[in-house]
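Worksheet for the structure shown next.
Read-outs throughout are calculated quantities, based only on the coordinates presented, and are distinct from any laboratory measurement. It should be emphasised that the depicted structure is a prediction, and the values quoted were computed from it without experimental measurement. All Cβ positions, even for glycine, are placed from backbone atoms using ideal geometry, and neighbour counts span all protein chains on display.
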Amino acid sequence: MATVVVNQEVAEGVFKLTAQGRFSGKMGQFYMLRAGERYPLLSRPISIFNLTEDQIEFLVMVAGEGTARLSGLMPGDTLTLDGPFGNGFPQLQGKTAFVGGGIGIAPFYYALRSVPEADVYLGYSRQAYMVDEFRAASRGKVTVDVGGSILDKVDFSAYDTVIACGPHAMLHAVQRKQAQTGGQTQVYVSLENRMACGIGACLVCSVKCKDGRKKACTDGPVFLAEEVVFA
Ligand SMILES: Cc1cc2nc3c(=O)[nH]c(=O)nc-3n(C[C@H](O)[C@H](O)[C@H](O)COP(=O)(O)OP(=O)(O)OC[C@H]3O[C@@H](n4cnc5c(N)ncnc54)[C@H](O)[C@@H]3O)c2cc1C
Ligand code: FES
């Protein structure tokens with residue numbers, strides 16, 4: 001458990017939630033969060049947005065009841081969190097691009113601490129947010145798109161590694177783009193599947209892969225794009 005320090009709306013329906021405490025985690029990992037100590041069924045997976053010595057930050061977009069409760073937390077309230085979970089991002093070598101769609105931008109801010117030279121692509125449907133923060137954290141190029149397709153702005157062949165996070169349809173498009181581009185680029189997708197337990201016990205997060213079903217929470221959420229069977 002942790003105490004909320006700040007919960008600031010950074011765009012319509014998007015909140016930067018900061019809680020006090022010493023937490024750990026690798027880039028691309030997530031915590032299971034819920035507002036208060038009750039409603040255990042409403043724990044929701046949220047990526048690490050940032051970690052400091054005595055605080056943890058999340059970027060939360062309101063999608064339904066669980067995230068709405070998180071958005072309503074006030075300074076001094078209790079945040080219940082378990083984690084870190086998931087395998088996080090792979091060891092990154094060579095020239096790297098991070099491609100985020102919507103709230104899928106969240107894990108890349110913390111990832112820039114390990115790979116500040118990566119290029120970052122931020123795609124939004126209506127309103128951009130946290131762009132200045134990304135620009136300040138990055139030593140690479142930061143490209144922003146609002147209302148179009150951020151993927152159109154990424155040349156996969158210019159990179160050794162591409163990691164994309166965002167809605168299912170965007171990640172499917174990432175896989176198609178990789179198939180068209182070919183080449184040596186390693187392309188990964190970080191899936192935003194529904195989750196219930198976060199620890200591999202319930203199968204809610206099942207992912208169809210070419211070599212059978214996997215669990216997004218423990219086998220992922222990061223997979224090679226070519227390995228996932230998108231419906
Ligand atoms: C590893 C991981 C990291 C994530 N990181 C973040 C993050 O940093 N910030 C953030 O805001 N969100 C993040 N998400 C997404 C977030 O977990 C969901 O938005 C949240 O679980 C929705 O819960 P809810 O109770 O608010 O909405 P619900 O009431 O559960 O659902 C609201 C609506 O969204 C639909 N829905 C819910 N979850 C999904 C889904 N996964 N895919 C498609 N449709 C869905 C439901 O069918 C419903 O229509 C992450 C997800 C995963 C798996
Ligand atoms: S969320 Fe329960 S098995 Fe993955």
Principal axes of the stretch 83-150: Cα extent on each, largest first, Å: 32, 27, 19
Gain on full stretching of the segment that runs from residue 153 to residue 168 - 0.36 nm per residue minus C-alpha separation: 3.5 nm
Relative contact order, percent, the chain [alpha-carbon distance under 8 Å, six or more residues apart]: 18
The chain: angle of helix 168-181 to the longest principal axis, Cα-based, in degrees nearest 10: 20
Order by protection proxy (mean Cβ within 10 Å, highest first), peptides 20-28, 200-208: 20-28, 200-208
Pairs of lysines in the chain (C-alpha under 17 Å apart; 8 or more residues apart or interchain): 4
Solvent-free Debye scattering, log10 I(q)/I(0), computed from the Cα coordinates of the stretch 120-207 at q = 0.17 Å⁻¹: -0.85
Span from the the stretch 2-36 Cα centroid across to the the stretch 159-222 one, whole angstrom: 23
Quotient of Cα Rg and 2.2 N^0.38 Å for the chain, N being how many residues it contains: 0.96
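Based on the mean of other Cβ atoms within 10 Å per residue, sort peptides 81-92, 146-157 so the most packed one is first.
Values: 81-92: 18.2, 146-157: 15.1.
Highest mean packing first, the order is 81-92, 146-157.
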Peptide ranges 158-164, 100-106 listed from the most packed, as the mean C-beta count within 10 angstrom indicates: 100-106, 158-164
